[in-house]
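Engineer: This is the structure I have questions about; it appears just below.
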Amino acid sequence: MAIFVNQLGYQRRGEKRAVLPYDCDCFWLLDEAGEVCFEGETKRFGEDKASGDRVTEADFSSFTNQGKYRVKTSRIIEDPAGEGVALEYSPWFEIRDDVYEGLERDLMKAFYYLRCGQELKKEHAGVYAHPACHVGMTALWEDPSVLIETTGGWHDAGDYGRYVTAGACALAHLLYAYRMYPQVFRDKITGIPESGNGVPDVLNECRWELEWFLKLQKSDGGVFHKVTTAQHAPFVMPQEDQAQLFALPVSSMATADFAAICAMAAGIYREFDEDFSLRLEKASKKAYWWLISHPEFVGFRNPEGCGTGEYGEWDDASNRFWAAAELYALTGEKKFHEDLQVALERHFPLTALGYGEVGGFGILAYLLSKQGKSVDLMHKFFQAIVKDAATRVRVAEESGYGVSMMDFEYGWGSNMGVMRHGMIFAIADYFGLEEKVKEAAKTAELPKRWRWQGEPEEEPYVQGTRLKRNWSMRDHAAAQLDYLLGCNAMGISYVTGNGENAYRYPHLRPAHADGIEECMPGMVSGGPNRHRQDPRAKELIPDGTPAMKCFADDYLCYSLNEITIYWNSPAVFTVGYLLSKKDL
Ligand code: G3I
Ligand code: 9MR
Ligand code: ZN
């Protein structure tokens, strides 16, 4: 038994809760001296579908004194000798307005640890230092006699591949975080080689990836889908992965995402480095002309002999929309406005913020741009945000943890879903849509259950317990972070080095191969995946395990416990939003 809390802690204002997977009536907050400083009554939630537990909520939102605390409960248990009393204690946590400052630095520094093609020096990487990796020439998959230079960028994940659509997604989360909450990032020093050069470190870090992006564009404007070895490396340090690197064929998704992110970055970096900004703008436009001359979908599937990450998609509508929207925001040219309207005629989710569906980045580009805007489009985009956020409020009502995930939504990289929902609440707040979201949540429907291969006919979703909490967007976003940092049925913080019971053994090659027991901090795990799509996960987690508990902190479990750049980046955004509220 346990008491689940956000193991880092809580900002003074805003919701603060512990969740208990059992019935009990009251709880206490103890300070470091062991003194009771708050006493409260619990609220029974009842059955929480995703965890399979009956849960109880201990709300201490009204307690706002800074300090270090833990929650204590006492409950009656049946033991063979009759009724007994069991005392439970939560992990220690803090209540402090700047409680997430260190977390945000760690989440950002994680990108530095994933840099490819650069020596990680002791002064920046400490014990995780290692020589430059993947410095050999890259052969074109389609004609290996042609060699190009593609050093740089971030390793995608636990593997050493570098993928354009995945990189664009991570860059978009980071650059929008910077655009929307610049005050949070302006002076944040992460201890990277560029620190102190007058440019915010988040931009220094993103530039490492952007410079790599620029190397992947062909002379006709098309952009290679990825650079990887033919197969994933064994679990060795990156500098020991000496297999031939390949640039895999151009795809329209990669080219469109490239056009989009380069246009966005051109606008952001202009005030710091005009030449770089111009290079980005030129490259973006060149990619865009490639798209114009290739109006058909140029997808990507791994060719025979290549087994690294695929990042395949079925269409590129949202990618083309995003590209047009960013170029319109950058240049104000009518043509891009027309194109984004044409792209919208093909339907795609308008609020997706992923590596495949990217519509949400496009609507952010539009809504934040200083160019002339169509009132109809603005209305449509605001409505999409309201609808998504309202659905997410509705889903959170079904969760004893206040996490906005249906039981069937815990798939590969579920923590990205959780953080995306944090972002949606943040975005709704940013545009002043909170009241509209609350109103819409009253009648919002739950997302439809989707079908998983091999699954029997759909069982209809049976309404679980429902608790209306009347939270603000900030509270909802905070609840997603609470889940990530330990207020979940595993009692695990899914960020390395952050929280008393943080997970420790990600599927991350250097973390395993370096022989150092502690993983580098700030790495976000993919999280519970009820499909358990790797052999080790199947072995460790029995069929029928509730979705939120389909997790194991085992480095072999790549479908549960890998890390990626685009699972870290939405966490950077959500935490950035909460930090922007710290004095409010
Ligand atoms: O689209 C289907 C949906 O129809 C279905 O109902 C739903 C059920 O959960 O699954 C959806 O597909 C999932 C898909 O991700 C999109 O979310 C697949 O089941 C799932 O297998 C797939 O996982 C992806 C995984 O690669 C395997 O392809 C992850 O999202 C993606 O993050 C991950 O990416 C890998 C790279 O290939 C290589 N580098 C590491 C990286 C992280 O593990
Ligand atoms: O390490 C790989 C990880 O990054 C990928 O997400 C995953 C799915 O593509 O594949 C992992 O590599 C495994 C491979 O697919 C199968 N053999 C075992 C590899 C892990 O050691
Ligand atoms: Zn490398």
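Engineer: Tell me, please, whether a residue that is within 14 Å of ligand 1 (Cβ to nearest atom), in a loop (DSSP other than H, G, I, E, B) and more than 19 Å from the chain's Cα centre (by Cα) can be found in region 507-515.
Structural biologist: No: zero hits.
Engineer: In region 226-260, how many are farther than 19 Å from Val135 by Cα and not aliphatic (A, V, I, L, M)? Let's see the steps before the verdict.
Structural biologist: Step one: filter region 226-260 for residues farther than 19 Å from Val135 by Cα, giving 249-260.
Filter once more, keeping what is not aliphatic (A, V, I, L, M): 249, 251-252, 255, 257-258.
Here the count works out to 6.
Engineer: Would you check if there is a residue in region 552-563 being touching a residue at least 24 places away in the same chain (Cβ under 8 Å), β-branched (Val, Ile, Thr) and within 16 Å of ligand 2 (Cβ to nearest atom)? Spell out how you get there, then give the answer.
Structural biologist: Narrowing region 552-563 to residues touching a residue at least 24 places away in the same chain (Cβ under 8 Å): 553-563.
The next check asks that each one be β-branched (Val, Ile, Thr); those that pass are 563.
Narrowing the set further to residues that are within 16 Å of ligand 2 (Cβ to nearest atom) leaves 563.
Yes: one or more hits.
Engineer: Return the only residue of Lys49, Lys68, Lys109, Lys72 being in contact with an Asp or Glu (Cβ under 6 Å, 6 or more places away or on another chain) and either closer than 27 Å to Leu584 by Cβ or at pLDDT 95 or above (or both). Let's see the steps before the verdict.
Structural biologist: Numbers: Lys49 fails: either closer than 27 Å to Leu584 by Cβ or at pLDDT 95 or above (or both); Lys109 fails: in contact with an Asp or Glu (Cβ under 6 Å, 6 or more places away or on another chain); Lys72 fails: in contact with an Asp or Glu (Cβ under 6 Å, 6 or more places away or on another chain).
Selected residue: Lys68, the only one of Lys49, Lys68, Lys109, Lys72 that is in contact with an Asp or Glu (Cβ under 6 Å, 6 or more places away or on another chain) and either closer than 27 Å to Leu584 by Cβ or at pLDDT 95 or above (or both).
Engineer: Within the set of pairs 6 or more residues apart or between chains, which connect a residue that is among the acidic types (Asp, Glu) inside region 215-238 to a residue that is buried (at least 16 other Cβ atoms within 10 Å of the Cβ) with Cβ atoms less than 8 Å apart?
Structural biologist: Filtered contacts from region 215-238: Asp220/Trp290.
Engineer: Which condition does Glu205 not pass, out of (1) in a helix (DSSP H, G or I); (2) over 26 Å from Cys519 (Cβ atoms), if it passes all the others?
Structural biologist: All conditions are met except number (2).
Engineer: I've got another one for you. Of all residues being among the polar types (S, T, N, Q) and outside any helix (DSSP H, G or I) in region 301-322, which is farthest from ligand 2 (Cβ to nearest atom)? Just the residue, please. Walk me through how you get there before you give the answer.
Structural biologist: Taking region 301-322 and keeping what is among the polar types (S, T, N, Q), we get 302, 308, 318-319.
Filter again for outside any helix (DSSP H, G or I), leaving 302, 308.
Numbers: Asn302: 10, Thr308: 7 Å.
Among those that are among the polar types (S, T, N, Q) and outside any helix (DSSP H, G or I), it is Asn302.
Engineer: Now for a separate question. Check region 514-533 and report whether any residue there is farther than 18 Å from Asn6 by Cα and aliphatic (A, V, I, L, M).
Structural biologist: yes
Engineer: Here is a follow-up. Do you know which residues across region 301-333 are more than 21 Å from the chain's Cα centre (by Cα), charged (D, E, K, R) and surrounded by fewer than 17 Cβ atoms within 10 Å (Cβ to Cβ)?
Structural biologist: Arg301, Glu304, Asp315, Glu333
Engineer: Show me the helices (runs of 4 or more DSSP H) entirely contained within region 121-200 in which 1 or more residues are modelled with pLDDT of 95 or more, within 16 Å of ligand 2 (Cβ to nearest atom) and closer than 28 Å to Val99 by Cβ.
Structural biologist: Answer list for region 121-200: 164-180.
Engineer: Something else now. Might you check whether a residue that is of a type in the set (D, E, K, R) and not in a strand (DSSP E or B) occurs anywhere in region 64-74?
Structural biologist: In the first step, residues of region 64-74 are kept if they are of a type in the set (D, E, K, R); the result is 68, 70, 72.
With not in a strand (DSSP E or B) added as a condition, the list becomes none.
The answer is no; no qualifying residue exists.
Engineer: Got a sec? Which of Val146, Val71, Val164 is farther than 26 Å from Gly191 by Cβ, aliphatic (A, V, I, L, M) and within 16 Å of ligand 1 (Cβ to nearest atom)?
Structural biologist: Testing whether each residue is farther than 26 Å from Gly191 by Cβ, aliphatic (A, V, I, L, M) and within 16 Å of ligand 1 (Cβ to nearest atom) leaves just Val164.
Engineer: Between residues in region 92-109 that are in a loop (DSSP other than H, G, I, E, B) and residues that are among the β-branched types (Val, Ile, Thr), which pairs lie under 8 Å by C-beta distance while being six or more apart or on different chains?
Structural biologist: Going by the 8 Å Cβ cut-off, the qualifying pairs are Tyr100/Val575.
Results for (1) more than 19 Å from Ile363 (Cα to Cα); (2) within 16 Å of ligand 3 (Cβ to nearest atom); (3) surrounded by 20 or more Cβ atoms within 10 Å (Cβ to Cβ), shown as yes or no for each residue.
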position	(1), (2), (3)
Leu147	yes, no, no
Thr150	yes, yes, yes
Gly161	yes, yes, yes
Leu175	no, no, yes
Arg179	no, no, no
Thr190	yes, no, yes
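Engineer: Let me ask you something else. Could you tell me which numbered condition Arg320 fails, if it satisfies all but one of (1) away from ligand 1 (no atom under 16 Å from the Cβ); (2) without any contact (Cβ under 8 Å) to a residue 24 or more places away in the chain; (3) charged (D, E, K, R)?
Structural biologist: (2)
Engineer: Evaluate the following for Tyr366: is it buried (at least 19 other Cβ atoms within 10 Å of the Cβ) and within 16 Å of ligand 1 (Cβ to nearest atom)? Before you say what the answer is, go through the steps one by one.
Structural biologist: On the way: buried (at least 19 other Cβ atoms within 10 Å of the Cβ): yes; within 16 Å of ligand 1 (Cβ to nearest atom): no.
It is false that Tyr366 is buried (at least 19 other Cβ atoms within 10 Å of the Cβ) and within 16 Å of ligand 1 (Cβ to nearest atom).
Engineer: For region 359-375, give me the residue count where each residue is of a type in the set (Val, Ile, Thr) and more than 17 Å from Lys387 (Cα to Cα).
Structural biologist: The first filter runs over region 359-375 and keeps only residues of a type in the set (Val, Ile, Thr), leaving 363, 375.
Then keep just the ones that are more than 17 Å from Lys387 (Cα to Cα); that gives 375.
Adding up the residues that qualify gives 1.
Engineer: Do you know which residues across region 212-257 are in a helix (DSSP H, G or I), in contact with a helix residue (DSSP H, G or I) (Cβ under 7 Å, 6 or more places away or on another chain) and of a type in the set (Phe, Trp, Tyr)? Before you say what the answer is, go through the steps one by one.
Structural biologist: Pass one, region 212-257, residues in a helix (DSSP H, G or I): 212-215, 238-240, 252-257.
Restricting the remaining residues to those that are in contact with a helix residue (DSSP H, G or I) (Cβ under 7 Å, 6 or more places away or on another chain) gives 213-214, 238, 252-257.
Answer for region 212-257, where residues must be in a helix (DSSP H, G or I), in contact with a helix residue (DSSP H, G or I) (Cβ under 7 Å, 6 or more places away or on another chain) and of a type in the set (Phe, Trp, Tyr): just Phe213.
Engineer: Scan Gly356, Gly372, Gly402 and give me the residue that is outside any helix (DSSP H, G or I), within 16 Å of ligand 1 (Cβ to nearest atom) and either in contact (Cβ under 8 Å) with a residue 40 or more places away in the chain or of a type in the set (Phe, Trp, Tyr) (or both). Step through it out loud before you land on a result.
Structural biologist: Values: Gly372 fails: within 16 Å of ligand 1 (Cβ to nearest atom); Gly402 fails: within 16 Å of ligand 1 (Cβ to nearest atom).
Testing whether each residue is outside any helix (DSSP H, G or I), within 16 Å of ligand 1 (Cβ to nearest atom) and either in contact (Cβ under 8 Å) with a residue 40 or more places away in the chain or of a type in the set (Phe, Trp, Tyr) (or both) leaves just Gly356.
Engineer: May I pose another question? Hey, among Lys335, Lys285, which residue is away from ligand 3 (no atom under 16 Å from the Cβ), closer than 19 Å to Lys218 by Cα, of a type in the set (Lys, Arg) and part of a helix (DSSP H, G or I)? Show your work before the answer.
Structural biologist: Details: Lys335 fails: closer than 19 Å to Lys218 by Cα.
Every option except Lys285 fails the conditions.
Engineer: Then there is this: In region 1-39, what residues are among the acidic types (Asp, Glu) and in a loop (DSSP other than H, G, I, E, B)? Explain how you work it out, then say what you get.
Structural biologist: Residues of region 1-39 that are among the acidic types (Asp, Glu), as a first pass: 15, 23, 25, 31-32, 35, 39.
Result: Glu15, Asp23, Asp25, Glu32, Glu35.
Engineer: Which residues, counting only those in region 285-317, are at positive phi and within 16 Å of ligand 1 (Cβ to nearest atom)?
Structural biologist: Step one: list which residues in region 285-317 are at positive phi, which gives 305, 311.
Once the filter is applied, which keeps residues that are at positive phi and within 16 Å of ligand 1 (Cβ to nearest atom), region 285-317 yields only Tyr311.
The values are calculated or read from the model by the stated rules, or taken from the named source; none is laboratory data. Keep in mind that this is a model prediction, so the values were computed, not measured. Neighbour counts are summed over all protein chains in view; Cβ atoms, including those assigned to glycine, are modelled from backbone coordinates with ideal geometry.
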